[in-house]
Structures are given as C-alpha cells and as structure tokens.
1. Could you tell me which residue of the stretch 126-138 is farthest from the ligand (Cβ to nearest atom), considering only residues that are touching a residue at least 24 places away in the same chain (Cβ under 8 Å) and surrounded by 14 or more Cβ atoms within 10 Å (Cβ to Cβ)?
2. Being in contact (Cβ under 8 Å) with a residue 12 or more places away in the chain, more than 8 Å from the ligand (Cβ to nearest atom) and not in a strand (DSSP E or B) is the filter here; which residues of the stretch 51-65 pass it?
3. Only one of (1) more than 11 Å from the ligand (Cβ to nearest atom); (2) within 21 Å of residue 34 (Cβ to Cβ); (3) modelled with pLDDT of 95 or more is not met by residue 80, so which one is it?
4. Please go through the stretch 89-125 and pick out each residue that is within 16 Å of residue 73 (Cα to Cα), buried (at least 18 other Cβ atoms within 10 Å of the Cβ) and within 16 Å of the ligand (Cβ to nearest atom).
5. Taking only pairs six or more apart or across chains, which ones have beta-carbon atoms under 8 Å, a first residue in the stretch 97-108 that is closer than 11 Å to residue 129 by Cβ, and a second residue that is in a loop (DSSP other than H, G, I, E, B) and within 13 Å of the ligand (Cβ to nearest atom)?
6. Can you tell me which of 73, 43, 32 is farther than 13 Å from residue 139 by Cα, more than 16 Å from the ligand (Cβ to nearest atom) and touching a residue at least 24 places away in the same chain (Cβ under 8 Å)?
Ligand SMILES: CCCCCCCCCC(=O)SCCNC(=O)CCNC(=O)[C@H](O)C(C)(C)COP(=O)(O)OP(=O)(O)OC[C@H]1O[C@@H](n2cnc3c(N)ncnc32)[C@H](O)[C@@H]1OP(=O)(O)O
C-alpha cells in the first residue's frame, strides 16, 4: 500500500512553498502573529494562541484587524490541509464579543462548500469557552487561467 500524504503534511508543504514569510503563520517573521495551525480529526484546522499585549487596539482588547487576520489565516491553512492553494476573495467577520489580551484563545476553520475554483469556509475564535468572533470567507484557487485573467493577458 502506498503512503498517503496527511493533512498536516499537505498544510506544511503548501505553507512552506506558498507563503514562508506570512505575517500570520510564519515562525520566522520578525513581527508576525506566529500562529501554528494544525489539521484536526474533524477535517478542519485549529490553533491555540496567546493574545499578546502588542495585538491590542482598544486597551486590553485584541484589534479587530488582527482578529480578521487570525480567522482568514485559519481558513487559508484549512485549504492548505486539503492541498488547495487559494486567495481570499471575500471575508465577512462578525465581532460578537471582545477578545481579551493576556488570555489564550482557540481558532478553528472548516470548509463548508466546495465549488472549484470557489470554496466557502467558516471560522471562529473561542476564548474561555465563549465565541468571540465568527467569519465566512470565499476563496478562489490560483490556477494559471485565473492568473492570466487577473493580469489581463
Ligand atoms: C480613539 C480610537 C482608538 C481606536 C483603537 C483601534 C480600535 C480598532 C477597532 C477595533 O478593532 S474594535 C475590536 C474588535 N471588535 C470587538 O471586539 C467588538 C466585539 N463585539 C462587541 O463588543 C459587541 O458584540 C458589540 C459592541 C459589537 C455589540 O454588542 P451589544 O451587546 O451592544 O449588541 P448585541 O450583540 O446585543 O447586538 C445588538 C443588535 O445589533 C445587531 N448587530 C450586532 N452586530 C451586527 C452586525 N455585524 N451585523 C448586523 N447586526 C448586528 C444584533 O443582531 C442586535 O440586533 P437586535 O437588537 O435586532 O437583536
């Protein structure tokens, strides 16, 4: 029997090849968020992270732009875990409750619709058992045909 590539191997391969210096998930980025997304048994990705003091906007609260980046990063990495490389085409974030700095939190993402080249994903951030933010993202694969369209070739 041949050995199948695991979701975590696919994720790591795409991450290294496609965005090794990502501000959200690269461990090398000097001022990045350094979030370590990993595949889950449920078929999505998840990560636990510290909400660092330097991520704040309003005093004591994580900035909404950072929250959007955490959610978007989770959804992007969720597609990586399926071997799919895609761009964010649309991102809707609902900030349900403040996300506090100094307290760890979890982010999860799953694919909810596959209609290549479009994929719809859902993501959420939970802190101390309460949902803080949810997102829906639409992603589009980066094939050569699309590249040509975008470049006007
Ligand atoms: C000098 C300035 C310095 C600025 C520093 C930089 C700041 C940068 C800006 C940020 O990053 S802020 C941080 C990110 N945002 C948050 O952390 C907000 C987290 N969410 C909350 O605190 C509350 O959910 C919020 C204040 C937005 C609302 O809470 P409430 O308890 O007042 O309202 P509630 O959740 O009960 O919703 C009230 C109504 O609004 C509706 N609603 C809320 N959000 C909605 C939405 N997104 N779309 C549509 N409707 C919405 C909601 O359905 C509901 O409708 P009904 O009255 O009909 O039931």
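1. 138
2. Listed by number, the residues that qualify are 51, 52, 53, 55, 60.
3. Residue 80 satisfies all of (1) more than 11 Å from the ligand (Cβ to nearest atom); (2) within 21 Å of residue 34 (Cβ to Cβ); (3) modelled with pLDDT of 95 or more except (3).
4. Hits for the stretch 89-125 are 93, 105, 107, 122, 123, 124, 125.
5. What qualifies is 105/51; 105/99.
6. Selected residue: 43, the only one of 73, 43, 32 that is farther than 13 Å from residue 139 by Cα, more than 16 Å from the ligand (Cβ to nearest atom) and touching a residue at least 24 places away in the same chain (Cβ under 8 Å).
Yes or no, residue by residue, for (1) surrounded by 14 or more Cβ atoms within 10 Å (Cβ to Cβ); (2) under 27 Å from residue 114 (Cα atoms); (3) modelled with pLDDT under 85:
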position: 2; (1), (2), (3): no, yes, yes
position: 14; (1), (2), (3): yes, yes, yes
position: 18; (1), (2), (3): no, yes, yes
position: 51; (1), (2), (3): yes, no, no
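The values are calculated or read from the model by the stated rules, or taken from the named source; none is laboratory data. Being a predicted model, the structure only gives us computed values, none of them experimental. Neighbour counts are summed over all protein chains in view; Cβ atoms, including those assigned to glycine, are modelled from backbone coordinates with ideal geometry.
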